[in-house]
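Data block below; observations after.
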Amino acid sequence: MSVLATMTVSLDGYITGRDDGPGCGLGVGGERLHYWVMGGPWTYESDHEIGSMDASDKQFFDSLVETMGAAVCGRGMYEAAGRWGGTNPFGGTLFVLTHRTEDAPDPSTGFVFVDDLDSAMRQASDAAAGRDVGIGGGADVIRQALAADYVDELVISTAPVILGGGKRLFEGFDRDVDLEIRRVYESKYATHVRYGIKR
């Protein structure tokens, strides 16, 4: 089992545009980060569907999800994604890190609310049953997991866009981490790099 932290960033290191959050998704211009996921330009107002990727993006995406058994994300990501319509769209339980567990949905939705990272990682590892555990953001959750030495592989998709503002992936992160490039995938909409954490 490996723990993979995955995130899409702009060339200047932002994971969202300005004013992201519930009702605003990835913020001003932030949907451009996920052109690779949707197979091209999309907006929140237009019809869009995850999975309409080109061959290289799909090869990258499939390499991640085929080994994934469970995942962890933050409450901010969960809310910004509109709670995924109330049903977990991913293959495996999604553990949502939050200080507000009192409004947790029924576990049958595929979401489990957890109030601390150690517990989330422990439960995700158990649920994954030997398969990989993904950490999908937001940025603060990934920084916490890196600092706590949970992450085995950092998977960064860089979109060819400069956002100029928003939330930065490594804002305030002060650890020195050595990485090794394990695999690179390139497409029209992103360069995906799988970095192993050197220990």
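Please state the relative contact order of the chain as a whole percent: Cα pairs under 8 Å, 6+ residues apart?
Details: 418 pairs, mean separation 63.1, N = 199.
Relative contact order for the chain comes out at 32 percent.
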Evaluate the Debye formula for the stretch 83-199 with equal point scatterers sitting on the alpha carbons, no solvent, and hand back log10 of I(q)/I(0) at q = 0.13 Å⁻¹, in q order, two decimals. -0.63
Charge-dipole axis of the chain as Lys and Arg at +1 and Asp and Glu at -1 on Cβ define it, positive-most pick from Thr98, Met77, Leu64: Leu64
So who's got an amide H within less than 5 Å of the one on Arg183, skipping anything under 5 residues away but keeping other chains? H placed 1.01 Å off N, in plane. Arg194
Assigned charges on the beta-carbon of Lys, Arg, Asp, Glu; the chain dipole about Cα centre (debye): 320
Note: Ile181 to Asp62 extended length (0.36 nm per residue) minus current alpha-carbon separation gives 41.0 nm
So what J values fall out for the stretch 148-159 if you push phi through Karplus, 6.51 cos²θ - 1.76 cosθ + 1.60 with θ = phi - 60°, rounded to Hz, Gly and Pro as x? 7, 6, 7, 7, 9, 9, 9, 10, 10, 9, 9, 7
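I need the per residue convex hull volume for the stretch 3-197, using only the alpha carbons, in cubic angstrom as a whole number.
116
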List the aspartates and glutamates whose Cα sits under 20 Å from the Cα of Lys198, skipping any in the same chain fewer than 8 residues away. Asp132, Asp149, Asp152, Glu153, Asp174, Asp176, Asp178, Glu180
If you rank Ile15, Ile181, Ile135, Ile197 by fewest surrounding Cβ atoms within 10 Å, what's the result? Ile181, Ile197, Ile15, Ile135
Pop the C-beta distance of Asp115 and Cys24 into the FRET formula with R0 = 25 Å and round what comes out to the nearest 0.05. 0.50
Which loop chymotrypsin sites (Phe, Trp or Tyr not before Pro) in the stretch 113-198, with loop taken from DSSP, have no more than 16 other Cβ atoms within 10 angstrom of their Cβ? Phe170, Phe173
Full extension from Asp174 to Ala147: what is 0.36 nm times the residue separation minus their Cα-Cα distance, to one decimal in nm? 8.8 nm
I'd like the distance separating the alpha-carbon centroids of the stretch 1-30 and the stretch 69-136, in whole Å. 18
Per GNM of the chain with C-alpha springs under 10 angstrom, the most fluctuating residue out of Asp20, Asp126, Asp178 is Asp178
Could you tell me what percent of the DSSP beta bridges with both partners in the stretch 3-197 are antiparallel, to the nearest 5? 45
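Since every read-out is calculated from the coordinates, none of them should be taken as a lab result. Just so it is clear, the structure is predicted and the values come from calculations on it, not from any experiment. As a convention, Cβ positions derive from the backbone with ideal geometry for all residues, glycine included, and neighbour counts pool all protein chains shown.
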